[in-house]
Amino acid sequence: MYKKSIHGLLMATTLAALFGCGSWKDEDRMTKFSDSFRIYSKHLRWGHFHEVSSFMTPEHVESAIAAIPSLKGVRITAIKPLKWTVDKSQDNISGNIQIDYYIEDIGIVKQTSQPQTWRWFKDLKTWKLDADLPAF
């Protein structure tokens, strides 16, 4: 429960920082980013990697799906978003996420980070992750 409230506080802080970066062309865009990142994180946390691939840009989907069998024993225990930055066009949000995980056969909690860039697709009115699955 404690981790969940800290994660919520981190997300709220991150979103407040992004809202403070100036006015958005479309404030709904920020809400959609928040929703996309939250659902992406939920699927990643629970190992629903096919669903995770649906949040990726087309260039990364095939390699993500091909990597899924190798992730069978990976269990993610925490995902923490780090500092996000928004480019001038407000069409790209970049940052890092920190991931705590363990591999079932080993049972030792490890940590990795992944740089991410989320891109706004105006025609789809959605954000897509321009990155592969994290390396474990």
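The values are calculated or read from the model by the stated rules, or taken from the named source; none is laboratory data. As the structure is a prediction and not an experimental result, all values here were calculated from the model. No Cβ is skipped: glycine too gets one built from the backbone with ideal geometry, and neighbour counts run over all protein chains shown.
Overview of values
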quantity	calculated
Meets criteria (more than 11 Å from the chain's Cα centre (by Cα) and within 19 Å of HIS60 (Cα to Cα)) for ASP100	no
Unmet requirement for GLY47, which otherwise passes all of (1) surrounded by 15 or more Cβ atoms within 10 Å (Cβ to Cβ); (2) within 18 Å of ASP130 (Cα to Cα); (3) touching a helix residue (DSSP H, G or I) at 6+ places or on another chain (Cβ under 9 Å)	(2)
Options LYS25, LYS83, LYS88; residue that is outside any helix (DSSP H, G or I), within 13 Å of the chain's Cα centre (by Cα), over 13 Å from LEU129 (Cβ atoms) and at pLDDT below 95	LYS83
Filter result (surrounded by 15 or more Cβ atoms within 10 Å (Cβ to Cβ), not acidic (Asp, Glu) and not in a strand (DSSP E or B)) within the stretch 96-136	ALA131, LEU133, PRO134, PHE136
Unique residue being outside any strand (DSSP E or B), more than 14 Å from the chain's Cα centre (by Cα) and either at positive phi or surrounded by fewer than 17 Cβ atoms within 10 Å (Cβ to Cβ) (or both) when the list is ILE65, ILE39	ILE65
